[in-house]
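First up is the structure itself, then whatever we jot down about it.
The values are calculated or read from the model by the stated rules, or taken from the named source; none is laboratory data. All values reported here derive from a predicted model rather than from experimental measurement. With ideal geometry, Cβ positions are generated from the backbone for all residues, glycine too; neighbour counts draw on all protein chains shown. What goes into the accessible areas is simple: the full protein's heavy atoms, side chains included, and nothing from ligands, DNA or RNA. Shrake-Rupley method; radii C 1.70, N 1.55, O 1.52, S 1.80 Å.
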Amino acid sequence: MALIEIDDVVAGYGIGPDILTGVSLKIEADRSTCIIGPNGAGKSTLLKAICGLVPIRRGKVTFDGAPLNGLRTDEILRRGICFVPQDRSLFPDMTVTENLRMGGYILKERHAVEERIEEVLGMFPILRERRSQYAKTLSGGQQQMLLLGRALVLRPRVIMLDEPSLGLAPIVSRQIFDSMTALKAAGIAIIVVEQNARMGLAFADWGCVLDLGRLVFEGASETVLSDPRIEELYLGRRRRTGTDG
Ligand SMILES: Nc1ncnc2c1ncn2[C@@H]1O[C@H](COP(=O)(O)OP(=O)(O)OP(=O)(O)O)[C@@H](O)[C@H]1O
Ligand SMILES: [Mg+2]
C-alpha cells in the first residue's frame, strides 16, 4: 500500500467545472515526487485536493489506508500532510521565531514546539542568524526556507510544495532544493510542483506530467527527463552548450 493513494479524483472550485477530471496516482513513502505540466493543468488544484482545500467531487484519497475525503485541512495537517502554498504565506510582521511558532499552533505541548523550533534553527543556520528579524525583511530564498522550516515544526510525514523556486535566482533555487534533499534524507515524503521541470525532476525520484486535469505520464524521473515526447511537449528545448551547432 502506498502512503497516499489518489484514486480517480475529480475536483473543482465552487459550482465551476471539473478541473481534475479523474487523476490516479500513488505517492510512495520512500520517494519524492515532482509534478510538472503547463499553466492551468491543475497541478496546484491537485495539491489542494489532497489537503482538503478543494473539495473532491468523485474518487478517493487515502493516507496510510485511511480516507481523507471530507476532512478539514487542519485535520489532514494533524495526520501529517503539510502544504506549502505558492504565495509565500508568512506572517510578514512577525519574526522568524514567531513564524516558526505559528507552525506549531495545532500542537498541545508548548515545550515540544520550542524544542522543534530549535531543531529547525539547527537545520537552517541562516534562520537562526535572523531569528529576531521580521519575516518581511528576509530575502525570497530565506522566506522559502522559513516556509520549509515552519512546515517541519510539525514533523510531517509528507510535505507538499507548490513552486518553491518561483521568483528565485537559480543559485537560490538550488539551495532550496538542497534543503529539500535533506528533508528527503530525513524520511519525509516530498511532493513538489515545479515550473522548472528539469530542476524538479533532477531532485525527485518520480515524475508526473499533468495536462488538462489528467495525468498523462509518470515514471522514474530519469525516464521522464529522457523521453523525447515529454521533452518536446513539456520540458522545452535544452539550450545548446556545445560548439557543434
Ligand atoms: N480559486 C479558484 N477558483 C476557480 N477556478 C480556479 C481557482 N484556482 C484555479 N482555478 C482554475 O483551475 C484551473 C487549474 O488551475 P491550477 O492553479 O490548478 O493550475 P496549475 O497547473 O497549478 O497552473 P500554474 O502552473 O499556472 O500554477 C485553471 O483553469 C484555473 O483557472
Ligand atoms: Mg499552480
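Filtering Val120, Val153 for residues that are farther than 23 Å from Ile50 by Cα, in contact (Cβ under 8 Å) with a residue 12 or more places away in the chain and open to solvent by less than 80 Å² (accessible area, probe 1.4 Å) leaves a single hit, Val120.
Confirm whether Glu163 is within 16 Å of ligand 1 (Cβ to nearest atom), in contact (Cβ under 8 Å) with a residue 24 or more places away in the chain and at positive phi. For Glu163, the condition - within 16 Å of ligand 1 (Cβ to nearest atom), in contact (Cβ under 8 Å) with a residue 24 or more places away in the chain and at positive phi - is met. Of Arg131, Arg88, all but one fail to be basic (Lys, Arg) and either touching a Phe, Trp or Tyr at 6+ places or on another chain (Cβ under 6 Å) or on the phi > 0 side of the Ramachandran plot (or both); the exception is Arg88. Regarding Gly167, is this residue modelled with pLDDT under 95, of a type in the set (Gly, Ala, Ser) and surrounded by 15 or more Cβ atoms within 10 Å (Cβ to Cβ)? Taking the combined requirement at face value, the residue does not satisfy it. Remark: Asp74 matches the filter, which requires a residue to be more than 16 Å from ligand 1 (Cβ to nearest atom) and assigned to a helix (DSSP H, G or I). Within the range 41-65, the set of residues being on the phi > 0 side of the Ramachandran plot and either under 17 Å from the mean Cα position of the chain (by Cα) or not assigned by TED's automatic domain parsing to the domain that holds Trp206 (or both) comprises Gly42, Gly52. Scanning the range 1-46 for residues that are within 20 Å of Leu77 (Cβ to Cβ), part of a loop (DSSP other than H, G, I, E, B) and either within 16 Å of ligand 2 (Cβ to nearest atom) or in contact with a helix residue (DSSP H, G or I) (Cβ under 8 Å, 6 or more places away or on another chain) (or both) gives a single hit, Ser32. The single condition among (1) touching a helix residue (DSSP H, G or I) at 6+ places or on another chain (Cβ under 6 Å); (2) in a loop (DSSP other than H, G, I, E, B) that Pro156 does not satisfy is (1). Kindly indicate the residue of the range 123-150 that is of a type in the set (Gly, Ala, Ser) and not in a loop (DSSP other than H, G, I, E, B) and also surrounded by the fewest Cβ atoms within 10 Å (Cβ to Cβ) among those meeting that condition. My answer is Gly140. Quickly run through the range 10-41 and pick out the residues that are under 27 Å from Thr181 (Cβ atoms) and either without any contact (Cβ under 8 Å) to a residue 12 or more places away in the chain or open to solvent by 10 Å² or more (accessible area, probe 1.4 Å) (or both). Within the range 10-41, Lys26, Glu28, Ala29, Asp30, Arg31, Gly37, Pro38, Asn39 meet the criteria. Does Ile56 satisfy the criteria of being at pLDDT 95 or above and open to solvent by less than 40 Å² (accessible area, probe 1.4 Å)? Against the criterion (at pLDDT 95 or above and open to solvent by less than 40 Å² (accessible area, probe 1.4 Å)), Ile56 does not qualify. So how many residues does the range 175-218 have that are of a type in the set (Phe, Trp, Tyr) and part of a strand (DSSP E or B)? Residues that pass the stated criteria total 2.
Filtered by the rule that a residue be more than 19 Å from Gly12 (Cα to Cα) and within 17 Å of the chain's Cα centre (by Cα), the range 66-75 gives a lone residue, Asp74. Across the range 77-99, what is the number of residues that are buried (at least 18 other Cβ atoms within 10 Å of the Cβ), within 19 Å of the chain's Cα centre (by Cα) and more than 16 Å from ligand 1 (Cβ to nearest atom)? Qualifying residue count, the range 77-99: 5.
Among the residues of the range 10-21, the one identified as within 21 Å of the chain's Cα centre (by Cα) and over 10 Å from Gly213 (Cβ atoms) is Tyr13. Against the numbered list (1) open to solvent by 10 Å² or more (accessible area, probe 1.4 Å); (2) more than 19 Å from Arg157 (Cβ to Cβ); (3) not in a helix (DSSP H, G or I), Thr62 comes up short only at (2).
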